[in-house]
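The values are calculated or read from the model by the stated rules, or taken from the named source; none is laboratory data. All values reported here derive from a predicted model rather than from experimental measurement. We place every Cβ from the backbone using ideal geometry, glycine too, and count neighbours over all the protein chains shown. Surface accessibility is based on the protein's heavy atoms, side chains included, excluding ligands, DNA and RNA. Shrake-Rupley method; radii C 1.70, N 1.55, O 1.52, S 1.80 Å.
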Amino acid sequence: ITTAVCKSMDKPDDCYELNTLRKYRDEYLASQEQGAEIIDEYYDIAPTIVKRIDECRDADEVYKNIWETYLNPCISLIEQDEKNACQDLYEKMVRDLEHRYIYS
């Protein structure tokens, strides 16, 4: 999802935002008690969410909203060393998008 959002914003694959979130995933989240399961679940459902968003006429607007509502705040939380809060927000994003694009 994050990659799709950044791509829609014409950011390169090695942009600060993607690198920050990848480092967060690989160094922080993966080391948490249920981190591996959270990451695996994300990679199971995220491609379907992205596919459904890409099918929308307003996909760029959807991605912009995801950026403003979830990803940019999450990056700010990481920068402030509020990693648990970032995890909560990111999980909320996935659940919200899951309900909107998979279960509706």
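Every residue in the stretch 57-85 that is out of contact with any Phe, Trp or Tyr (no Cβ under 6 Å at 6 or more places or on another chain) and under 18 Å from TYR43 (Cβ atoms), please. Outline the logic, then answer.
Initially, the stretch 57-85 is screened for residues out of contact with any Phe, Trp or Tyr (no Cβ under 6 Å at 6 or more places or on another chain), giving 57-73, 75-77, 79-82, 84-85.
Residues satisfying the conditions are ILE66, TYR70, LEU71.
Give me a count of the residues in the stretch 74-94 that are farther than 16 Å from LYS23 by Cα and under 11 Å from the mean Cα position of the chain (by Cα).
5
Tell me which residues, restricted to the stretch 53-72, are in contact with a Ser or Thr (Cβ under 9 Å, 6 or more places away or on another chain) and open to solvent by 50 Å² or more (accessible area, probe 1.4 Å).
Across the stretch 53-72, the qualifying residues are ASP60, LYS64.
Restricting to the stretch 73-93, give me the number of residues that are farther than 13 Å from LEU29 by Cα, open to solvent by 70 Å² or more (accessible area, probe 1.4 Å) and part of a helix (DSSP H, G or I).
Residues flagged as farther than 13 Å from LEU29 by Cα, open to solvent by 70 Å² or more (accessible area, probe 1.4 Å) and part of a helix (DSSP H, G or I) within the stretch 73-93 amount to 2.
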